[in-house]
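One structure is given here, and the rest of the page talks about it.
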């Protein structure tokens with residue numbers, strides 16, 4: 001059984017879709033045991049489609065306030081999971097001044113999908129479901145009892 005990190009930071013380009021979804025998912029699963037936060041290379045307001053698809057699975061991210069790496073007040077993370085190449089670069093830069101692990105989970109940006117509302121929502125759902133699966137694979141092994 002792998003030890004849980006004490007603090008996890010999810011990072012993406014704008015902190016408006018992918019990283020808030022990942023933050024919400026991990027907080028939902030393990031927020032009672034570990035500190036979870038998210039950031040972006042730049043910050044932008046939370047995406048309404050991200051709020052909607054997370055609400056579909058009972059997780060409210062509507063109060064999320066986007067922030068950038070420069071806005072982080074605490075930099076004591078054990079693990080940074082970057083979700084875009086741009087965020088990966090910034091995460092690696094953070095390791096120059098702090099000791100932490102960095103994982104790169106290259107995650108599709110659903111805002112790039114064009115089409116009608118349902119087509120776009122499906123793209124967000126796919127990102128949500130991919131992040132959920134990755135988080136469960138990475139962290140929920142820690143929740144299973146040893147037999």
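The condition of being loosely packed, with under 12 Cβ neighbours inside 10 Å and modelled with pLDDT of 95 or more holds for residue 58. Comparison of 133, 117 shows that the only residue that is loosely packed, with under 12 Cβ neighbours inside 10 Å and under 13 Å from the mean Cα position of the chain (by Cα) is 133.
In region 1-12, the residue that is farthest from residue 62 (Cα to Cα) out of those that are surrounded by 22 or more Cβ atoms within 10 Å (Cβ to Cβ) and in contact with a helix residue (DSSP H, G or I) (Cβ under 7 Å, 6 or more places away or on another chain) is 8. If you go through region 84-104 and pick out every residue that is part of a loop (DSSP other than H, G, I, E, B) and surrounded by 19 or more Cβ atoms within 10 Å (Cβ to Cβ), you end up with 1. Of all residues in region 17-45, exactly one satisfies the criterion of being in a loop (DSSP other than H, G, I, E, B) and surrounded by 22 or more Cβ atoms within 10 Å (Cβ to Cβ), namely 17. Going through 38, 43 one at a time, which residue ends up being touching a helix residue (DSSP H, G or I) at 6+ places or on another chain (Cβ under 8 Å), without any contact (Cβ under 8 Å) to a residue 40 or more places away in the chain and under 19 Å from residue 133 (Cβ atoms)? Checking each option against the conditions leaves just 38. Filtered by the rule that a residue be closer than 17 Å to residue 83 by Cβ and either assigned to a helix (DSSP H, G or I) or at pLDDT below 95 (or both), region 105-121 gives 110, 111, 112. Of all the numbered requirements in (1) part of a loop (DSSP other than H, G, I, E, B); (2) in contact with a strand residue (DSSP E or B) (Cβ under 7 Å, 6 or more places away or on another chain), residue 74 misses one, and that requirement is (2).
A residue that is in a helix (DSSP H, G or I), within 23 Å of residue 138 (Cα to Cα), touching a strand residue (DSSP E or B) at 6+ places or on another chain (Cβ under 8 Å) and in contact (Cβ under 8 Å) with a residue 12 or more places away in the chain cannot be found anywhere in region 46-62.
The values are calculated or read from the model by the stated rules, or taken from the named source; none is laboratory data. Just so it is clear, the model here is predicted, and its values are computed rather than measured. When we count neighbours, we look across all protein chains shown, and the Cβ atoms used for this are built from the backbone with ideal geometry, even at glycine.
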